[in-house]
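The values are calculated or read from the model by the stated rules, or taken from the named source; none is laboratory data. None of these values were measured; they are calculated from a predicted model. Here the Cβ positions follow ideal geometry from the backbone for every residue, glycine too, while neighbour counts run over all protein chains shown. Remember, those area values only see protein heavy atoms, side chains included, never the ligands or the DNA or RNA. Shrake-Rupley method; radii C 1.70, N 1.55, O 1.52, S 1.80 Å.
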Amino acid sequence: MITVHHLNASRSQRVIWLLEELGIPFEVKRYERDPKTMLAPKALRDVHPLGKSPVITDGEKTIAETGTIVEYLSNTYGGGRLIPAAGTAERMRYHYWMHYAEGSAMPPLVMKLVFAHIPDSPQMPWFIKPVARMITKAVTQSYIDPQIKSHIALWDAELQKSTFFAGEDLTGADIMMSFPVEAAASRGTLTPKLTAYLETIHARPAYKAALERGGPYELLS
Ligand SMILES: N[C@@H](CCC(=O)N[C@@H](CS)C(=O)NCC(=O)O)C(=O)O
């Protein structure tokens, strides 16, 4: 039996969605973020040394990192589903977006979240807070926001070509890209094309089933 070690409101929602799309039986073990720090509980470090979510266990195997998990589950149990045929242009797009999602899209989105909360840090002396606010605002406006804007433009351009990130069919690349697109939506505004894309994936029965299994999915902003 596959176990998804699921942290609330986190990237592991993607893994539950993938399993629902593939129709693979699995169980969910829940972990709750610390309400103050929003970090994962120590119990997740007992599963994997980094204590991050998602991580899955499948028999003796423990597998972390969303992209690895998506590739492992699709390759092992997917029977070719959610992976474009080898040698096609769609297959190259699939690989690109699969790796790009965590490697390039998420860093500026995480930076935006972290910088937004620096001035509110309880450890920060009150007299430093206005300076911290000025610095974080300047970095966000001059560096982070323009980065995010160019990523969003790239996603939009790709979805002008086809319904999904790697062609006309949903693939593992969409499972991966769903999180940056959701995160960008929660930290700013999307283009009409990207909003429609989110609506398309939200309407999928497997996505709805995954929300029921995973529980509330409010991304941090
Ligand atoms: N690149 C990793 C990122 C994992 C990650 O940072 N997960 C977040 C949840 S969205 C987490 O566990 N945060 C809680 C913590 O850092 O304590 C992946 O895709 O698996």
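Comparison of I69, I118, I83 shows that the only residue that is in a helix (DSSP H, G or I), of a type outside the set (S, T, Y) and in contact with a Ser or Thr (Cβ under 7 Å, 6 or more places away or on another chain) is I118.
Yes/no per residue for (1) part of a helix (DSSP H, G or I); (2) under 30 Å from L22 (Cα atoms); (3) modelled with pLDDT of 95 or more; (4) not small (G, A, S):
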| site | (1), (2), (3), (4) |
| --- | --- |
| W126 | no, no, no, yes |
| D145 | yes, no, yes, yes |
| K149 | yes, no, yes, yes |
| L220 | no, yes, no, yes |
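Got a sec? Which of A184, A173, A166 is modelled with pLDDT of 95 or more, closer than 25 Å to I144 by Cα and touching a Pro at 6+ places or on another chain (Cβ under 9 Å)? Residue meeting the stated conditions: A173. Of all residues in segment 38-67, those that are within 8 Å of the ligand (Cβ to nearest atom), at negative phi and open to solvent by 50 Å² or more (accessible area, probe 1.4 Å) total 3. Among the residues making up segment 5-37, those that are open to solvent by 30 Å² or more (accessible area, probe 1.4 Å) and within 10 Å of the ligand (Cβ to nearest atom) are N8, R11, R33, D34, T37. In this structure, A132 does not qualify as within 16 Å of the ligand (Cβ to nearest atom), in a helix (DSSP H, G or I) and either at positive phi or more than 20 Å from the chain's Cα centre (by Cα) (or both).
Among the residues of segment 84-109, those identified as of a type in the set (A, V, I, L, M, F, W, C) and open to solvent by 60 Å² or more (accessible area, probe 1.4 Å) are A85, A86, A89, M92.
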